[in-house]
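The values are calculated or read from the model by the stated rules, or taken from the named source; none is laboratory data. Since this is a predicted model, take the numbers as computed values, not measurements. Heads up, the Cβs are rebuilt from the backbone with ideal geometry, glycines too, and the neighbour counts pull from every protein chain shown.
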Amino acid sequence: MSAAGTAGAAGSVGAASYADLVERVLRGEFGPDPRERRVSVAFTTRQCVRHEGRGGGYRNEVLSLRVAEAVGSCAVEPGALADATVEECVGADVARLLGHELAPVRVAALDAYLSHALPHTPANGARPRPLPAGTSLEKSRARARAVAELIGAPDGGTVLVVGVVNSLLEALRARGLGYVPCDLKGGTTEWGEPVHTDALAHLDRCDALLVSGMTLGNGTFEPLREHALRAGKPLVMFAQTGSAVLPRLIGAGVSAVCAEPYPFFWLDGGPGAVHHYGGTGSGSGLAGHLAGGAS
């Protein structure tokens with residue numbers, strides 16, 4: 001099968017792996033020459049959150065790069081990115097940044113380029129999914145429902161969740177699905193369940209995978225993609241990091257993506273949108289079920 005033939009949605013184009021995608025972008029196969037597209041703005045977004053009624057909170061930090069009208073993003077560990085790194089991205093061409101020593105810079109640059117070359121439109125395989133206005137928790141739950149609609153696990157199945165978001169776990173619980181929560185930070189879920197730090201050790205326990213785009217930036221994505229491809233398991237990505245990158249890997253292990261480009265749901269209380277790629281499109285009738293289960 002050709003790389004272009006791996007795409008799972010009409011109008012989209014795909015690659016065989018993340019490395020293949022980067023190589024093809026550098027060759028100009030996905031749009032304009034990346035040596036002729038420069039980053040005009042680079043910035044970080046830092047967030048701390050504790051939703052009302054939840055027992056714990058978390059912190060986020062995201063590197064974002066702007067190429068023309070598009071913004072690409074990659075999550076980083078809070079405090080790990082030096083200001084000088086952000087500043088040196090400004091004015092650099094995309095091709096140069098795709099060879100940067102830091103993975104988050106490479107991912108954000110690739111995401112910005114692909115957001116520019118292949119924006120989230122129906123012509124490129126995207127199906128917009130509106131998110132209503134609401135409190136931080138209401139928007140988190142709405143985003144979680146939009147993600148969970150794409151999961152094709154069998155009734156009573158088990159989902160390996162990589163990148164723990166309690167609203168996503170809540171949506172899986174509402175469907176009666178089991179899950180194995182994994183996150184490099186460890187800890188416990190909102191329900192006191194231990195969070196495993198080694199996702200690869202638990203792959204054989206799952207029927208499907210639900211994985212954060214953050215795995216692109218920390219180097220843990222490819223083993224998960226390869227497992228899903230070999231085992232024929234659904235791999236659904238929820239992507240603030242790499243929202244324009246991961247749809248290009250549908251058919252190469254990734255089965256569906258809920259893409260959420262900047263600005264993210266947690267930045268504003270007004271209405272927003274995410275974009276579905278791959279999957280069933282209708283959520284197999286799960287949207288109403290999940291809406292009733294997440295209060």
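Annotations
Residue by residue, here is whether (1) farther than 22 Å from CYS74 by Cβ; (2) among the aromatic types (Phe, Trp, Tyr) holds:
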residue: ALA103; (1), (2): no, no
residue: HIS116; (1), (2): no, no
residue: ASN124; (1), (2): no, no
residue: ARG129; (1), (2): yes, no
residue: TYR179; (1), (2): yes, yes
residue: THR188; (1), (2): yes, no
residue: GLU193; (1), (2): yes, no
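Quick grid of which residues meet (1) in contact with a Ser or Thr (Cβ under 9 Å, 6 or more places away or on another chain); (2) basic (Lys, Arg); (3) not assigned by TED's automatic domain parsing to the domain that holds GLN47:
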| site | (1), (2), (3) |
| --- | --- |
| SER64 | yes, no, no |
| VAL71 | yes, no, no |
| GLY79 | no, no, no |
| ALA82 | no, no, no |
| CYS89 | no, no, no |
| VAL94 | no, no, no |
| SER115 | yes, no, no |
| PRO132 | no, no, yes |
| LEU137 | yes, no, yes |
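- Being assigned to a loop (DSSP other than H, G, I, E, B) and within 29 Å of GLY14 (Cα to Cα) is a property that PRO32 has.
- Filter pass, ARG145 being of a type outside the set (A, V, I, L, M, F, W, C) and over 30 Å from ALA84 (Cα atoms): yes
- Strands (runs of 3 or more DSSP E) contained entirely in the stretch 114-232, each with at least 3 residues that are at pLDDT 95 or above and under 27 Å from ARG24 (Cα atoms): 208-212
- Residues (aliphatic (A, V, I, L, M) and closer than 14 Å to HIS276 by Cα) located in the stretch 103-141: ALA123, ALA126, LEU131
- Whenever a residue of the stretch 262-279 is closer than 16 Å to GLU61 by Cα, its partners that are of a type outside the set (Asp, Glu) and assigned to a loop (DSSP other than H, G, I, E, B), lying with C-beta atoms within less than 6 angstrom and at least six residues away or across chains, give the pairs PHE264/GLN240.
- Yes/no for VAL162 being surrounded by 23 or more Cβ atoms within 10 Å (Cβ to Cβ), in contact (Cβ under 8 Å) with a residue 60 or more places away in the chain, closer than 21 Å to HIS196 by Cα and assigned by TED's automatic domain parsing to the domain that holds PHE265: yes
- Residues being more than 11 Å from LEU235 (Cα to Cα), at pLDDT below 95 and under 16 Å from the mean Cα position of the chain (by Cα) - total across the stretch 265-286: 2
- Any chance VAL107 is assigned to a helix (DSSP H, G or I) and under 22 Å from GLU23 (Cα atoms): yes
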